[in-house]
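What follows is a short report on a single structure.
The values are calculated or read from the model by the stated rules, or taken from the named source; none is laboratory data. What you see is a predicted model; the values in this text were computed from it and never measured. Quick reminder, even Gly has a Cβ in these numbers, built from the backbone with ideal geometry, and neighbours come from all protein chains shown. SASA here: full protein model, heavy atoms, side chains in, ligands and nucleic acids out. Shrake-Rupley method; radii C 1.70, N 1.55, O 1.52, S 1.80 Å.
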Amino acid sequence: RMMCTGPARIGRVVARTGTADGTPLETIDHGLSHWGPRPSATAVRWSEASSGAAHLVDEDPYTAWTAPTNHDAFVTLDLGGYFPVTELDILVPFGADGTSGEAVGASPRNVRLQKAAAADGAWENVHVWSLTGTNATTGWQSFSGFSGYSRFWRLYVEDNFGGETISVRELKLRGPDDTTLAYDFDLVNDGQWHTYDVPIHEKLQGSLSQIRLHPGIEAPAVTGVTAGGPPPTLGNAFVIDWVRIVIAPTVRRVTGCIDKFYQNENLGSPTAPLQPVPALTNGYLQSISTVYSDIPPAEAMYGTTYNCLRRGGEMITIVGTYLGTEGSTVTIGGVPCLATQHAAPETVMMCAVPPRSIRTK
């Protein structure tokens with residue numbers, strides 16, 4: 001619910017998917033950083049006297065970060081924003097006898113992946129593991145089964161395989177990438193309160209982690225879609241009274257007219273509760289009638305109904321999730337359903353098919 005004034009005529013909501021993994025709100029990136037694909041990591045801190053920290057993330061397998069010690073060395077990486085990390089790949093020195101340029105035994109052995117809210121902050125272990133082999137190990141080693149959410153990450157090497165230095169060629173931190181979707185809506189800039197409904201459920205799939213509201217944007221005209229609008233200028237003003245985020249309902253089954261039932265959400269291979277009943281006329285002439293039951297098969301999780309009377313009035317039952325508790329509205333072919341009621345809060349609704357609606361499916 002928002003009040004706005006000024007020349008801007010278009011607002012925008014940007015929805016971001018992903019999870020915060022229980023991270024405190026004060027450490028989540030609510031700031032000005034760009035929402036989009038995961039940027040390249042940057043080395044911002046490293047242990048004393050070590051060199052080539054940037055090589056750890058330069059995607060060149062023939063360069064390396066090297067620390068002149070056999071224990072307790074680290075590199076801190078900045079992801080450029082808050083992102084979940086659920087997997088890592090590490091490329092250790094290869095070459096059996098240091099022939100690839102690293103000293104014998106320089107490969108890390110016991111390693112920690114840590115996160116913090118700042119580059120010099122308090123570090124928290126996210127994953128602790130041991131690498132296998134020595135310099136003779138070739139190729140990448142991959143690790144998963146953990147989850148963390150932060151901007152700053154530190155690779156901390158506790159020790160190596162007996163060499164005088166520690167060396168790592170490459171490190172990749174991986175996780176589910178961001179998905180961002182923008183939804184534009186028309187503003188009523190008359191200085192009065194208006195409630196705007198932005199149906200993000202029509203496009204968004206996944207867990208919603210954050211939302212950004214742009215009360216006024218510049219938008220080009222699109223024929224048949226929007227007249228567009230000028231950019232916000234000095235004098236634009238807005239007041240937000242409240243923002244409500246509602247989970248979109250999911251409908252699994254609609255029954256009441258002639259029903260079909262399905263075992264999966266793809267709605268393939270439908271079945272109907274029809275039962276043939278044989279009969280004899282004058283004890284001789286055989287005939288078969290079909291009896292229909294409105295009770296769905298026990299294995300049927302999904303259902304549709306069709307061929308409802310055009311004059312309306314037939315009661316249909318809607319089964320799903322997040323259907324509300326009272327005051328919900330159901331439309332059929334864009335026409336509001338009649339006598340809407342909840343048979344069970346959030347999960348079962350009933351209503352009468354309105355007249356002149358299109359076929360219910």
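Below are the figures for this structure:
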item	result
Peptides 107-120, 233-246 ordered by average Cβ neighbours within 10 Å, highest first	107-120, 233-246
Rounded if a/c under 1.5, otherwise prolate or oblate - the stretch 44-97, Cα gyration tensor axes	oblate
Tensor-based shape of the stretch 167-278 (alpha-carbon gyration tensor, a/c under 1.5 rounded, otherwise prolate or oblate)	oblate
In Å², nearest 10: area of E202 left accessible to a 1.4 Å probe	130 Å²
Per-peptide average of other Cβ atoms within 10 Å, ordering 188-198, 212-222, 255-265 highest first	255-265, 212-222, 188-198
